[in-house]
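**Q** Have a look at the structure that comes next, please.
The values are calculated or read from the model by the stated rules, or taken from the named source; none is laboratory data. This one's a predicted model, so the numbers in the text were calculated from it and none came from an experiment. When we count neighbours, we look across all protein chains shown, and the Cβ atoms used for this are built from the backbone with ideal geometry, even at glycine.
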Amino acid sequence: MLKSGIDKATGFEKRFENIGTVVFENSSTASKAVAKELADLIRVKQAQKQPCILGLATGSSPKGLYAELVRLHKEEGLSFKNVISFNLDEYYPMEPDSVNSYVRFMKEQLFNHVDILPENYHIPDGLLSKKDIADYCDAYEAKIEAMGGIDLQILGIGGNGHIGFNESGSLQNSKTRLVALDHITRVAASKDFSGLEKTPRTAITLGIRKIMEAKRVVLMAWGEGKSNIIRTSVEGQVTNQVPASFLQEHDNAVFILDKEASSELTRINTPWLVEQIEWTDKMIRKAVLGLAQDLKKPILMLTDADYIENGMSDLLADSGPAYDINILIFNKLQNTITGWPGGKPNAEDGKRPERAVPVKKRVLIFSPHPDDDIISMGGTFIRLQQQGHEVHVAYQTSGNIAVADSEALRFGSFVCDYNEKFGIKNIEAENIHKKAIKFLENKKDSEIDIAEVRYIKGLIRKGEARSTSHFVDYQTLKSILWNCRFTKQEPSRKNL
Ligand code: F6R
């Protein structure tokens with residue numbers, strides 16, 4: 001665990017970080033630490049015979065926290081009887097039992113598994129009529145105030161720096177209200193709503209003022225995708241363009257990060273600017289590459305002055321002149337390039353990244369969805385095949401998500417037309433098609449598909465996977481494992 005200790009004598013980190021950050025090895029240990037803080041608070045309040053007022057968030061970031069809280073309840077007897085919670089937000093309009101509703105999310109992730117009293121949790125109502133929203137929001141805030149305010153507020157952060165659904169441009173004293181969702185937010189959510197068109201345009205969110213009034217704020221962020229906005233929020237100007245940056249003005253806020261989310265913080269990304277460091281090979285490579293990129297210069301053109309003017313004079317003193325460091329890093333990089341990703345037979349080239357022996361390797365490519373393999377590493381995939389390695393692919397999904405309803409209908413009618421054209425009598429195929437049409441025509445937003453539609457969608461994705469195998473020399477592909485996440489593996493190259 002890496003705390004952002006601020007060195008009072010040098011003011012080192014203070015120069016950069018304006019919010020306390022704690023970096024954990026991974027999101028799982030981080031979530032457990034947050035769960036512990038919450039559990040401790042709940043217990044302290046229990047001992048004081050007081051309610052514990054929590055502000056809760058949804059999204060992927062708090063899932064590990066909720067899982068750990070459920071575990072603490074089940075295995076260590078943590079009771080939620082004194083917990084009163086207020087969720088940050090809800091899409092509008094939204095049916096509470098719809099798959100993407102935050103009511104459903106909270107029940108599935110937490111409330112259904114602990115002993116919180118149903119009357120004690122509050123989630124903005126996605127079913128209100130528009131004219132009632134303003135009064136409802138005032139009452140939501142009044143309830144929080146009547147409870148004495150939020151003791152601990154959990155937050156995630158959006159790619160644009162939103163907290164709750166307070167998008168860029170929200171004011172620091174904004175109230176709980178109906179807001180229009182930012183395009184970035186809708187794009188991020190669209191994967192859950194099967195497409196942007198079906199993604200809500202509005203939501204009800206707790207305002208920034210109430211978040212800022214919480215006695216403690218814990219913002220959690222995981223993954224490299226959040227690293228830039230974390231840096232901007234923690235180290236940048238306080239601005240309503242990045243609502244999370246308002247937390248710089250909160251006196252008890254902390255950002256809990258995994259390594260990846262912290263990777264752009266100055267103390268992590270360029271620690272030599274913050275303190276005296278020991279220059280490891282990895283660090284030198286990172287620093288020199290960063291320098292070349294920042295200055296838009298080829299590595300071999302970096303000068304002593306470039307090193308000195310960019311906070312790397314101690315490296316220069318240690319291992320300089322610049323010419324020597326440049327050559328060292330240049331050679332290292334050169335040695336990472338290979339046309340033989342699985343190793344080259346009989347090559348006397350110990351510096352290359354892949355071993356020459358054993359010559360033939362068994363390779364397993366994991367592809368979360370069909371097409372991830374060919375899109376993200378198609379060249380390597382084909383090379384490995386051509387160079388005679390034993391290549392297997394494992395698709396980690398049944399494939400039924402992320403296929404548009406219209407595609408399912410198109411393929412359904414194709415099957416029926418095909419049967420009719422070639423005089424194949426297949427009443428069952430027609431019935432399935434009719435059932436799918438009927439369902440899809442009446443499908444509510446984000447309703448779960450019936451099994452038949454799921455299978456059709458899965459088959460469409462399976463077809464895409466099959467196309468990949470044709471591109472990468474189907475005959476020599478060893479096996480394709482389908483749907484590895486949910487069912488028994490199906491070593492079915494032959495029947496793909
Ligand atoms: C959710 C919420 C949002 C999310 C944020 C990050 O209640 O208020 O601000 O916390 O969009 O979402 P994830 O955690 O899915 O990356």
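Table: residues versus (1) modelled with pLDDT under 90; (2) of a type in the set (A, V, I, L, M).
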{"position": "D306", "(1), (2)": "no, no"}
{"position": "G311", "(1), (2)": "no, no"}
{"position": "G320", "(1), (2)": "yes, no"}
{"position": "E354", "(1), (2)": "yes, no"}
{"position": "G388", "(1), (2)": "yes, no"}
{"position": "V393", "(1), (2)": "yes, yes"}
{"position": "Q396", "(1), (2)": "yes, no"}
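**Q** Checking the conditions here, which among N331, N346 is loosely packed, with under 15 Cβ neighbours inside 10 Å and either touching a Phe, Trp or Tyr at 6+ places or on another chain (Cβ under 8 Å) or farther than 26 Å from E390 by Cβ (or both)?
**A** Result: N331 is the single residue among N331, N346 that is loosely packed, with under 15 Cβ neighbours inside 10 Å and either touching a Phe, Trp or Tyr at 6+ places or on another chain (Cβ under 8 Å) or farther than 26 Å from E390 by Cβ (or both).
**Q** Here's something else I'd like to know. Identify all residues within the stretch 40-68 that are over 23 Å from Y140 (Cβ atoms) and under 25 Å from the mean Cα position of the chain (by Cα); write none if there are none.
**A** Passing the criteria: S60, K63, G64, A67, E68.
**Q** Let me ask something additional. I want to confirm something. Restricting to the stretch 156-192 and keeping residues that are of a type in the set (S, T, N, Q) and away from the ligand (no atom under 12 Å from the Cβ), which single residue is surrounded by the fewest Cβ atoms within 10 Å (Cβ to Cβ)?
**A** Among residues in the stretch 156-192 that are of a type in the set (S, T, N, Q) and away from the ligand (no atom under 12 Å from the Cβ), the one surrounded by the fewest Cβ atoms within 10 Å (Cβ to Cβ) is N173.
**Q** Can you work out which of the residues in the stretch 25-34 that are within 16 Å of the ligand (Cβ to nearest atom) and either in contact (Cβ under 8 Å) with a residue 40 or more places away in the chain or buried (at least 16 other Cβ atoms within 10 Å of the Cβ) (or both) is nearest to I154 (Cα to Cα)?
**A** V34
**Q** While we're looking at this one, here's another question. Name the helices (runs of 4 or more DSSP H) wholly inside the stretch 312-387 in which the number of residues that are in contact with a Gly (Cβ under 8 Å, 6 or more places away or on another chain) is 2 or more.
**A** Result: 372-386.
**Q** Is at least one residue of the stretch 83-102 of a type in the set (A, V, I, L, M, F, W, C) and closer than 21 Å to K443 by Cα?
**A** Yes, because at least one residue in the stretch 83-102 is of a type in the set (A, V, I, L, M, F, W, C) and closer than 21 Å to K443 by Cα.
**Q** Return the residues of the stretch 153-177 that are more than 19 Å from S233 (Cβ to Cβ) and either in contact with a Lys or Arg (Cβ under 8 Å, 6 or more places away or on another chain) or part of a loop (DSSP other than H, G, I, E, B) (or both); say none if nothing qualifies.
**A** Of everything in the stretch 153-177, those that are more than 19 Å from S233 (Cβ to Cβ) and either in contact with a Lys or Arg (Cβ under 8 Å, 6 or more places away or on another chain) or part of a loop (DSSP other than H, G, I, E, B) (or both) turn out to be K175, T176.
**Q** Of (1) crowded, with 24+ Cβ neighbours inside 10 Å; (2) under 15 Å from the mean Cα position of the chain (by Cα), F255 satisfies all except one. Which?
**A** (2)
**Q** Right, next: Could you tell me whether K143 is surrounded by fewer than 20 Cβ atoms within 10 Å (Cβ to Cβ), within 16 Å of A57 (Cα to Cα) and either more than 12 Å from the ligand (Cβ to nearest atom) or not assigned by TED's automatic domain parsing to the domain that holds S245 (or both)?
**A** no
**Q** Consider G423 carefully, then state whether it is outside any helix (DSSP H, G or I) and modelled with pLDDT of 90 or more.
**A** Here the answer is yes, as G423 does meet what is asked.
**Q** Of the residues that sit in the stretch 35-73 and are of a type in the set (G, A, S) and within 23 Å of E145 (Cα to Cα), which one is nearest to the ligand (Cβ to nearest atom)?
**A** Top of the filtered list is A57.
**Q** When you go through (1) modelled with pLDDT under 95; (2) touching a helix residue (DSSP H, G or I) at 6+ places or on another chain (Cβ under 8 Å); (3) farther than 28 Å from R383 by Cβ one by one for W340, which number turns out not to apply?
**A** Checking W340 against (1) modelled with pLDDT under 95; (2) touching a helix residue (DSSP H, G or I) at 6+ places or on another chain (Cβ under 8 Å); (3) farther than 28 Å from R383 by Cβ, the one that fails is (3).
**Q** Can I ask one more? Have a look at S190, S174 and point out the one that is free of Cβ contacts under 8 Å to residues at least 40 places away in the same chain, more than 30 Å from K443 (Cα to Cα) and among the small types (G, A, S).
**A** S174
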